[in-house]
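Here's the structure, in structure tokens; my notes come after.
The values are calculated or read from the model by the stated rules, or taken from the named source; none is laboratory data. All of these numbers come straight from a predicted model, not from anything done at the bench. Neighbour counts are summed over all protein chains in view; Cβ atoms, including those assigned to glycine, are modelled from backbone coordinates with ideal geometry. Note: areas computed on protein heavy atoms with side chains; ligands, DNA, RNA excluded. Shrake-Rupley method; radii C 1.70, N 1.55, O 1.52, S 1.80 Å.
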Amino acid sequence: MQYDVVLFTSISLSLSSPSTICRSDSSAVVSNTNVNLLNPRSLRFCGLRKEAFGLNSSLSTHRIQSLSNATRRPRSNRIVASSAGNGAASKGFDYDLVIIGAGVGGHGAALHAVEKGLKTAIIEGDVVGGTCVNRGCVPSKALLAVSGRMRELQNEHHMKSFGLQVAAAGYDRQGVADHANNLASKIRSNLTNSMKSLGVDILTGFGTVLGPQKVKYGDTVITAKDIIIATGSVPLVPKGIEVDGKTVITSDHALKLEFVPQWIAIVGSGYIGLEFSDVYTALGSEVTFVEALDQLMPGFDPEIGKLAQRVLINPRKIDYHTGVFASKITPAKDGKPVTIELIDAKTKELKDTLEVDAALIATGRAPFTQGLGLENINVQTQRGFVPVDSRMRVIDASGELVPHLYCIGDANGKMMLAHAASAQGISVVEQVTGKDHVLNHLSIPAACFTHPEISMVGLTEPQAREKAEKEGFEIGIAKTSFKANTKALAENEGEGLAKLIYRPDSGEILGVHIFGMHAADLIHEASNAIALGTRIQDIKYAVHAHPTLSEVIDELFKAAKVKANTSSPVAEPVAP
């Protein structure tokens with residue numbers, strides 16, 4: 001039960017994976033009682049490929065050729081764009097691959113499929129880009145870029161340390177909102193154009209699985225050798241909370257920045273809540289966190305979370321209530337403020353009532369799997385998620401694999417990050433083109449884009465100790481501080497810590513956690529090392545440019561005390 005509560009409160013903002021087909025069906029939003037957000041590292045983060053930024057792939061040099069009407073029958077709800085890379089489908093099928101959902105996961109799978117020579121279509125019921133591009137990591141990073149600059153300009157002591165004098169900083173709310181919206185529009189357009197130029201057919205409508213290798217969108221039925229479900233997720237709104245989209249909002253509404261409240265309560269102190277606290281306090285709001293667990297930031301490594309609280313929460317205009325649920329939230333109306341009833345998480349007794357200008361519901365995300373026609377293939381969701389195996393193959397109610405059907409991204413719940421969805425999609429394409437591929441989820445990094453940033457990959461210290469006790473080995477801990485890094489000191493950004501969790505007997509990297517300047521960029525050296533099975537005794541000899549922040553990681557690996565002198569392959573761990 002405690003595990004479910006952790007998942008309910010730990011969210012992500014680096015916001016999301018491949019959500020796509022938006023339906024008006026209100027049942028898509030489910031209560032927190034039947035949704036499991038899986039592990040606390042369930043981040044949503046953008047995994048856009050270079051095509052999203054208007055850069056052509058290697059296939060874009062192929063001459064674009066239009067297919068005859070006999071090959072493709074254009075309809076009013078079909079965008080046909082063909083190239084040499086998207087040729088004829090396998091005999092007896094309209095397409096080699098059909099993907100339901102054009103978020104980051106679906107987009108990554110579609111582009112890789114074209115590279116592999118598959119005739120590919122993607123079905124989208126809302127807008128290309130899904131949650132990540134339109135309501136997640138892309139617009140949120142635009143807002144966080146503003147908050148970062150505001151913080152720097154408002155920090156008189158920081159500026160004086162450089163010998164700089166800056167007049168009072170201000171902002172134009174609509175200009176900030178336009179920056180986020182314009183970025184989302186640009187990326188969405190580039191994603192669409194990249195798929196069209198490579199020959200991916202974009203089919204508009206609600207995608208429904210009718211049966212084996214058969215899909216319907218709108219009034220049209222098509223067949224495909226293989227099908228991928230990539231419908232993503234929607235904000236989770238617990239029972240008792242009335243969202244009006246104005247004073248009681250989800251992250252979808254908050255990203256529009258229609259107003260900046262003087263006092264806002266943020267329900268949930270996970271990644272979404274933490275990032276929005278960074279934005280709102282930089283723009284002048286006071287923030288109150290409402291957290292169901294006994295400590296803030298429950299999804300992070302405890303040591304990193306403790307340091308992050310000291311830097312990101314305590315000095316700012318933020319207070320918090322822990323160990324409580326927001327049992328009822330009523331929007332502001334008739335001159336009355338937003339009211340929030342807080343009950344004790346254990347006793348369920350009324351503990352307090354808050355009156356604030358606005359409330360942001362940051363309690364997680366629910367898989368968007370309603371209306372997919374899963375009953376047609378005897379598939380039952382588990383807490384809303386589509387059950388899959390380690391190769392993303394869909395499992396039916398009897399425990400058997402559904403032939404030629406896969407599910408990636410938030411909809412399967414393995415790891416709710418956009419780049420994880422994209423990686424899963426690419427893995428599926430590898431499988432359907434004849435190469436067995438299993439994605440190592442423990443090598444997938446995650447990040448929270450506060451100022452400073454937080455990033456992580458692999459296991460937290462409690463998770464590693466639990467694994468070590470169960471399997472009978474010892475763990476080692478190494479740490480390095482940003483205060484010893486020349487580049488960080490040159491930037492007057494010495495606040496930060498990097499932490500390595502490893503096996504001294506073998507040199508295997510179990511987890512890396514970073515809090516500090518550009519932590520989201522620094523994590524990938526550790527992530528790639530885990531993915532490739534590189535041991536500490538090998539990577540510690542890698543050379544890093546001086547002076548750079550990357551030396552924080554260099555010193556981290558050098559600080560590890562490994563007993564083994566020789567390296568050997570690390571068995572690839574795969575999260576269930």
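Of the residues in region 241-255, how many are open to solvent by 40 Å² or more (accessible area, probe 1.4 Å) and either more than 20 Å from the chain's Cα centre (by Cα) or at positive phi (or both)?
Of the residues in region 241-255, 4 are open to solvent by 40 Å² or more (accessible area, probe 1.4 Å) and either more than 20 Å from the chain's Cα centre (by Cα) or at positive phi (or both).
Against the definition (touching a strand residue (DSSP E or B) at 6+ places or on another chain (Cβ under 9 Å), of a type outside the set (S, T, N, Q), free of Cβ contacts under 8 Å to residues at least 24 places away in the same chain and crowded, with 21+ Cβ neighbours inside 10 Å), how does residue 529 come out, yes or no?
Details: touching a strand residue (DSSP E or B) at 6+ places or on another chain (Cβ under 9 Å): yes; of a type outside the set (S, T, N, Q): yes; free of Cβ contacts under 8 Å to residues at least 24 places away in the same chain: yes; crowded, with 21+ Cβ neighbours inside 10 Å: yes.
Yes; evaluated as a whole, the condition is true for this residue.
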**Prompt:** Among the residues of region 450-467, is there at least one that is under 23 Å from residue 225 (Cα atoms), among the hydrophobic types (A, V, I, L, M, F, W, C), in contact (Cβ under 8 Å) with a residue 12 or more places away in the chain and out of contact with any helix residue (DSSP H, G or I) (no Cβ under 7 Å at 6 or more places or on another chain)?
**Reply:** no
**Message:** Pull out all pairs, ordered by first then second residue, where Cβ-Cβ is under 7 Å, the residues are six or more apart or on different chains, the first lies in region 533-552 and is on the phi < 0 side of the Ramachandran plot, and the second is of a type in the set (Phe, Trp, Tyr).
**Reply:** 536/502; 536/557; 539/557; 540/557; 552/482
**Request:** Kindly indicate the residue of region 353-378 that is on the phi > 0 side of the Ramachandran plot and modelled with pLDDT of 95 or more and also surrounded by the fewest Cβ atoms within 10 Å (Cβ to Cβ) among those meeting that condition.
**Result:** 378
**Positions within region 273-303 being of a type in the set (Asp, Glu), buried (at least 24 other Cβ atoms within 10 Å of the Cβ) and over 19 Å from residue 361 (Cβ atoms), in sequence order** = 301
**Prompt:** Exactly one of (1) in contact with a Ser or Thr (Cβ under 9 Å, 6 or more places away or on another chain); (2) open to solvent by 10 Å² or more (accessible area, probe 1.4 Å); (3) among the charged types (D, E, K, R) is unmet by residue 201. Its number?
**Reply:** (2)
**Item:** Residue list for region 94-127, filter: of a type outside the set (A, V, I, L, M), open to solvent by less than 10 Å² (accessible area, probe 1.4 Å), within 20 Å of residue 417 (Cβ to Cβ) and not in a loop (DSSP other than H, G, I, E, B)
**Value:** 105, 106, 107, 108
**Prompt:** Looking at (1) at pLDDT below 95; (2) assigned to a loop (DSSP other than H, G, I, E, B); (3) acidic (Asp, Glu), which is the one condition that is false for residue 538?
**Reply:** (2)
**Message:** I'm checking my understanding of the structure. Among residues of region 205-220 that are crowded, with 19+ Cβ neighbours inside 10 Å and among the polar types (S, T, N, Q), which one is nearest to the chain's Cα centre (by Cα)?
**Reply:** 208
**Asked** Any residue in region 318-337 that is within 30 Å of residue 481 (Cα to Cα), in contact with a Ser or Thr (Cβ under 6 Å, 6 or more places away or on another chain) and open to solvent by 30 Å² or more (accessible area, probe 1.4 Å)?
**Response** yes
**Message:** Suppose the filter is open to solvent by 10 Å² or more (accessible area, probe 1.4 Å), modelled with pLDDT under 95, at negative phi and of a type in the set (Ser, Thr, Tyr); does residue 223 pass it?
**Reply:** no
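Among strands (runs of 3 or more DSSP E) lying entirely in region 187-231, which contain 1 or more residues that are of a type outside the set (Asp, Glu) and free of Cβ contacts under 8 Å to residues at least 60 places away in the same chain? Reasoning before the result, please.
Details: elements: 201-204, 207-211, 214-217, 220-229.
Because the criterion is at least 1 residues that are of a type outside the set (Asp, Glu) and free of Cβ contacts under 8 Å to residues at least 60 places away in the same chain, the strands (runs of 3 or more DSSP E) in region 187-231 that meet it are 214-217, 220-229.
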**Pair list, Cβ < 7 Å and 6+ apart or interchain, from region 410-438 residues that are of a type in the set (Ser, Thr, Tyr) to residues that are outside any loop (DSSP other than H, G, I, E, B)** = 422/104; 422/105; 422/108
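For the subset of region 510-522 comprising residues that are among the hydrophobic types (A, V, I, L, M, F, W, C) and open to solvent by 10 Å² or more (accessible area, probe 1.4 Å), which member is nearest to residue 458 (Cα to Cα)? Can you show your working first?
So in region 510-522, the residues among the hydrophobic types (A, V, I, L, M, F, W, C) come out as 510, 512, 514-515, 517, 519-520, 522.
In the following step, the residues that additionally are open to solvent by 10 Å² or more (accessible area, probe 1.4 Å) were identified as 510, 517, 522.
Values: 510: 6, 517: 20, 522: 14 Å.
Among those that are among the hydrophobic types (A, V, I, L, M, F, W, C) and open to solvent by 10 Å² or more (accessible area, probe 1.4 Å), it is 510.
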